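A.B. asks: Starting off with a structure, shown below.
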Amino acid sequence: MSLRYVTTNEGKTREALSYLDDDVTQLDYDYAEPQADELEPIAAAGAREAYRVAGEPVIVDDAGLFIEGLDGFPGPYSAYVEHTLGVERVGEIARDAGATRAAFRCVLAYCDGEPFAATPEPVDRGERRGQDLSADDRDRAATDDTVAEGELPVKLFVGSVPGRIVEPRGDDGFGYDPIFEHDGQTFAEMAADQKNAISHRGRALATFADWYADR
Ligand code: ITT
């Protein structure tokens, strides 16, 4: 059985496939995303639906840009906001508000229909979102609840990277990459493997790859 990376986003696909080599193929399928203030429940629900559709082991990836001074906006709504306001206006709003500290977060969710040591069931923690939550707190928030009965087991892998919002620079990458600067370069100025080595997705993929190698 092969592993399917289920996403409609070619940018994600490029990064994941280059990271996981030939072990994975893309399935272009648009799973339903429940509305939630956190990425974890969205990714978990997506992995279950994707597994039911694919009938093979799947990973899905829910990601977003969290601007600290804007209470984590656009966060789980990053795709909607990209398609409505657009990346440049998000950058202007953040810079006008003097709110340039930000983080990208990525939650990878794996499901293969088999019982395994699943991640405890994530819940939506709207009341705990925002700038007062460190990346570590957010990552812990994914794992302190009990497994939902009757649900397919899902394993979550979280990655985050800090940065700041700047005027757009660079032509590579996708989405919010041109306005997200880390260590003096925007993600859109980095080569693909340079971004993968430090990015939220790269970090989540690295943890997943370690775990999957033993599976
Ligand atoms: P799928 O749900 O089909 O995987 P999507 O693009 O809708 O694709 P999300 O729901 O996870 O993905 O939305 C993520 C949003 O965050 C979307 O606007 C992306 O462009 C953006 N994003 C995610 N990862 C990013 C990255 O590494 N660099 C820049 N923007 C990113």
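The values are calculated or read from the model by the stated rules, or taken from the named source; none is laboratory data. This structure is a prediction, so every number in the text was calculated from the model and none was measured. Please note: Cβ atoms are built from the backbone with ideal geometry, for glycine as well, and neighbour counts cover all protein chains shown.
A.B. asks: Inspect the range 40-59 for any residue being within 11 Å of the ligand (Cβ to nearest atom) and among the acidic types (Asp, Glu) and give the result as yes or no.
C.D. replies: Taking every residue of the range 40-59 in turn, none turns out to be within 11 Å of the ligand (Cβ to nearest atom) and among the acidic types (Asp, Glu).
A.B. asks: What residue, among those in the range 19-38 that are in contact with a Lys or Arg (Cβ under 6 Å, 6 or more places away or on another chain) and in contact (Cβ under 8 Å) with a residue 60 or more places away in the chain, is farthest from the ligand (Cβ to nearest atom)?
C.D. replies: 37
A.B. asks: Going by what's in this entry, would residue 113 be described as among the small types (Gly, Ala, Ser), more than 15 Å from the ligand (Cβ to nearest atom), in contact with a Lys or Arg (Cβ under 7 Å, 6 or more places away or on another chain) and in contact (Cβ under 8 Å) with a residue 24 or more places away in the chain?
C.D. replies: no
A.B. asks: Here's a follow-up. Give the range 63-86 a look and list any residue that's under 15 Å from the mean Cα position of the chain (by Cα), within 10 Å of the ligand (Cβ to nearest atom) and hydrophobic (A, V, I, L, M, F, W, C), or say none.
C.D. replies: Those that are under 15 Å from the mean Cα position of the chain (by Cα), within 10 Å of the ligand (Cβ to nearest atom) and hydrophobic (A, V, I, L, M, F, W, C): 63, 65, 79.
A.B. asks: May I ask you to list the residues in the range 1-13 that are polar (S, T, N, Q) and more than 8 Å from the ligand (Cβ to nearest atom)?
C.D. replies: Correct list: 2, 13.
A.B. asks: Turning to a different aspect of this structure: Under 16 Å from the mean Cα position of the chain (by Cα), buried (at least 23 other Cβ atoms within 10 Å of the Cβ), touching a residue at least 12 places away in the same chain (Cβ under 8 Å) and away from the ligand (no atom under 12 Å from the Cβ): is that true of residue 16 in this structure?
C.D. replies: Here the answer is no, as residue 16 does not meet what is asked.
A.B. asks: Could you go through the range 162-171 and let me know if any residue there is surrounded by fewer than 23 Cβ atoms within 10 Å (Cβ to Cβ), within 10 Å of the ligand (Cβ to nearest atom), farther than 21 Å from residue 122 by Cα and within 17 Å of the chain's Cα centre (by Cα).
C.D. replies: Scanning the range 162-171 turns up no residue that is surrounded by fewer than 23 Cβ atoms within 10 Å (Cβ to Cβ), within 10 Å of the ligand (Cβ to nearest atom), farther than 21 Å from residue 122 by Cα and within 17 Å of the chain's Cα centre (by Cα).
A.B. asks: If you take just the helices (runs of 4 or more DSSP H) that sit entirely in the range 1-90, which of them hold at least 2 residues that are touching a helix residue (DSSP H, G or I) at 6+ places or on another chain (Cβ under 8 Å), modelled with pLDDT under 95 and closer than 19 Å to residue 204 by Cβ?
C.D. replies: Counting at least 2 such residues, we get 10-20.
A.B. asks: I need a count of the residues in the range 1-13 that are without any contact (Cβ under 8 Å) to a residue 60 or more places away in the chain and in contact with a strand residue (DSSP E or B) (Cβ under 9 Å, 6 or more places away or on another chain).
C.D. replies: The qualifying residues number 6.
A.B. asks: Among all residue pairs at least 6 apart or on different chains, which show Cβ distances below 9 Å where the first residue, located in the range 172-191, is more than 17 Å from residue 106 (Cβ to Cβ) and the second is surrounded by fewer than 21 Cβ atoms within 10 Å (Cβ to Cβ) and polar (S, T, N, Q)?
C.D. replies: Listed pairs, sorted by first residue: 181/100; 185/194.
A.B. asks: In the list 105, 89, 101, which residue meets the criterion of being within 16 Å of the ligand (Cβ to nearest atom) and in contact with a Lys or Arg (Cβ under 8 Å, 6 or more places away or on another chain)?
C.D. replies: Matching residue, one of 105, 89, 101: 105.
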